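Have a look at the structure below before the remarks.
The values are calculated or read from the model by the stated rules, or taken from the named source; none is laboratory data. All values reported here derive from a predicted model rather than from experimental measurement. Virtual Cβ from ideal backbone geometry, glycine too; neighbours counted across all protein chains shown.
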Amino acid sequence: MPLLNLESVQGRYTPSTRTLEFPPLRGDLQRLQQSITYKTISQDPRMLDTAAFDGFGQFLRVSYPDLFATLTVDTFSTHTYFLHWPSPSPKAKNYLFIAHQDVVPVDQKSLDQWHYPPFSGAFEGAPGDSEGAEIGYIYGRGTLDDKSSLMALMETLESLAFQNFQPAHNLYFCLGQDEEIGGQAGAALVAEHCRQTGLSFEAILDEGGIISTGSIPGLKESPVALIGTAEKGYLSVEVSFNIPGGHSSMPNSQTAITHSAGFINDLSEGLFEPQFSQPLNGFIDHLAPEMPWTLKTVFANRYLTEPLLLSLYQKSHTGRALTNNTAVATIMASGIKDNVVPASARVVCNTRILPGTTPKDVLARYQALAAEYGGTVEPYQNMGSAATNTSSADSEDFVKLGQAVKEIFPEALISPYLTIGGTDSKNFEGLSKNTYRFLPMTLSPDEVGGIHGTNERIDLEEYRKMVRWYTTLVQLWSEGEFPSR
């Protein structure tokens with residue numbers, strides 16, 4: 001019989017105990033502004049601006065003296081920091097928080113479109129409440145990805161350290177230097193150290209999903225906290241087409257360019273059929289009960305309505321990303337002169353891989369499609385990784401993540417989610433029972449476009465909520481105490 005009712009699971013995230021909160025440390029706005037001024041850009045590893053990363057590291061140490069006096073700090077590679085706040089308990093578990101210092105470059109052609117210079121950390125706003133707290137926005141590269149997260153963690157740890165907080169569990173923090181180009185010179189080295197020393201974690205938290213507003217059909221009025229329980233894999237390939245060229249005055253009907261164009265056109269139709277992977281099933285289980293009756297019924301009977309649901313997901317680029325092994329051409333090159341038909345063409349393509357599909361599966365599909373047009377396929381610059389394992393949405397640590405959200409964002413619904421972008425946490429695969437990916441800020445679909453985009457900015461009120469959220473979660477995950485000073 002079809003199941004016509006779904007029971008809400010949101011009640012499990014009602015906070016059972018209230019954690020202690022602290023007012024923002026004085027100067028928090030200025031510290032976030034200053035952090036943006038350090039041009040910690042990731043691009044070619046050979047172009048690392050050591051002065052910018054040196055300056056940022058020194059800035060952190062000066063800005064958060066109690067933090068660096070309390071936690072031990074190890075440096076990996078050149079500028080990746082691995083911090084440890086030890087617990088006195090011999091039965092302590094290990095928890096890891098990840099953030100990254102680096103940011104993507106700014107397109108120089110877009111500079112005239114920025115309201116303020118992208119590394120100015122400019123503040124646009126006005127004095128706020130009776131205590132004088134500012135309201136408005138801070139502009140600059142990294143305000144959304146990911147210096148705001150890193151700085152919010154630093155504000156949290158400085159405040160807790162000043163209050164003489166003692167965690168019941170060991171807390172670790174990895175501040176990577178090259179997440180935007182894969183993390184191989186940063187987080188990957190920390191992860192390898194953990195493997196060699198036998199250090200594993202009860203749970204890991206990295207950036208990922210957000211509190212989304214207005215983007216989920218049936219829940220346009222409800223903010224939804226999207227907590228990543230898995231991360232899509234990544235594969236880039238180079239497809240080559242070699243066909244005799246010649247003079248443009250006597251062209252053949254088929255050329256390297258027409259073959260590559262046909263390949264690209266077919267690629268847009270997709271390499272695989274859409275599907276609901278395990279993280280998306282959790283997403284449906286959490287959110288379908290909160291939807292209007294008609295949608296609830298469709299989701300409740302999804303073993304019958306799955307084709308309809310998948311077709312609905314194909315109507316938006318976000319929906320396609322969640323249900324498809326996406327495949328897109330990103331680089332195309334051919335030709336040397338306007339009156340010469342080229343003898344070769346190359347296309348670089350990128351695929352983000354769903355859990356349950358392997359890079360080998362994707363490579364085989366590329367090879368089959370390319371062969372129809374006489375093309376050959378090779379992995380591109382060894383850029384590939386499998387989708388991560390799917391972490392539990394029923395674990396105590398996931399529930400505490402949701403409770404922390406409800407504490408600071410009481411109107412938000414909680415849901416597991418499939419993270420479609422890459423994070424440093426993938427480097428720690430196999431080192432934790434569960435890995436979660438979440439950035440505690442509320443963004444509309446338009447605001448999401450600011451990530452890596454022009455006029456990237458953060459609402460100061462949202463930033464202060466981030467600090468409160470991390471303060472709450474650290475206490476929930478560590479079950480720590482505040483001894484008298």
Among (1) modelled with pLDDT of 95 or more; (2) more than 18 Å from residue 142 (Cα to Cα); (3) surrounded by 13 or more Cβ atoms within 10 Å (Cβ to Cβ) - the single one residue 55 does not satisfy: (2)
Matching entry among 285, 338 (being charged (D, E, K, R), in contact (Cβ under 8 Å) with a residue 40 or more places away in the chain and surrounded by 13 or more Cβ atoms within 10 Å (Cβ to Cβ)): 285
Exclusive hit being surrounded by 13 or more Cβ atoms within 10 Å (Cβ to Cβ) and closer than 25 Å to residue 182 by Cα, set 105, 86, 117: 105
Qualifying residue in region 210-232 (condition: part of a strand (DSSP E or B) and in contact with a Cys (Cβ under 9 Å, 6 or more places away or on another chain)): no
Top-ranked residue of region 147-189 - restricted to ones that are assigned to a helix (DSSP H, G or I) and of a type in the set (D, E, K, R), ranked as farthest from residue 95 (Cα to Cα): 180
Subset of region 60-109 (residues that are under 22 Å from the mean Cα position of the chain (by Cα) and among the aliphatic types (A, V, I, L, M)): 83, 96, 98, 99, 103, 104, 106
Only one of 405, 448 that is in contact (Cβ under 8 Å) with a residue 12 or more places away in the chain, surrounded by fewer than 17 Cβ atoms within 10 Å (Cβ to Cβ), β-branched (Val, Ile, Thr) and within 23 Å of residue 287 (Cα to Cα): 448
Close pairs (6 angstrom Cβ cut-off, 6 or more residues apart or separate chains): surrounded by 24 or more Cβ atoms within 10 Å (Cβ to Cβ) in region 224-252, in a strand (DSSP E or B) and modelled with pLDDT under 90 anywhere: 235/384
Among the residues listed as 460, 443, the single one being farther than 17 Å from residue 403 by Cα, at pLDDT 90 or above and within 19 Å of the chain's Cα centre (by Cα): 443
Residue list for region 344-360, restricted to those being at pLDDT 95 or above and of a type in the set (Gly, Ala, Ser): 344, 345
Cβ pairs under 9 Å, 6+ apart, first in region 255-280 and within 30 Å of residue 302 (Cβ to Cβ), second assigned to a helix (DSSP H, G or I) and of a type in the set (Val, Ile, Thr): 271/362; 272/362; 274/323; 275/323; 276/284; 276/323; 277/323; 280/323
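Yes/no matrix, rows are residues, columns are (1) among the β-branched types (Val, Ile, Thr); (2) surrounded by 15 or more Cβ atoms within 10 Å (Cβ to Cβ); (3) without any contact (Cβ under 8 Å) to a residue 40 or more places away in the chain:
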{"position": "42", "(1), (2), (3)": "no, yes, no"}
{"position": "47", "(1), (2), (3)": "no, no, yes"}
{"position": "66", "(1), (2), (3)": "no, yes, no"}
{"position": "69", "(1), (2), (3)": "no, no, no"}
{"position": "73", "(1), (2), (3)": "yes, yes, yes"}
{"position": "77", "(1), (2), (3)": "no, yes, no"}
{"position": "82", "(1), (2), (3)": "no, yes, no"}
Candidates 149, 200 - the one that is in contact (Cβ under 8 Å) with a residue 24 or more places away in the chain, surrounded by fewer than 24 Cβ atoms within 10 Å (Cβ to Cβ) and touching a strand residue (DSSP E or B) at 6+ places or on another chain (Cβ under 9 Å): 200
Candidates 60, 29, filtered to the one that is under 28 Å from residue 133 (Cα atoms), part of a helix (DSSP H, G or I), in the same structural domain as residue 153 (by TED's automatic domain parsing) and in contact with an Asp or Glu (Cβ under 6 Å, 6 or more places away or on another chain): 29
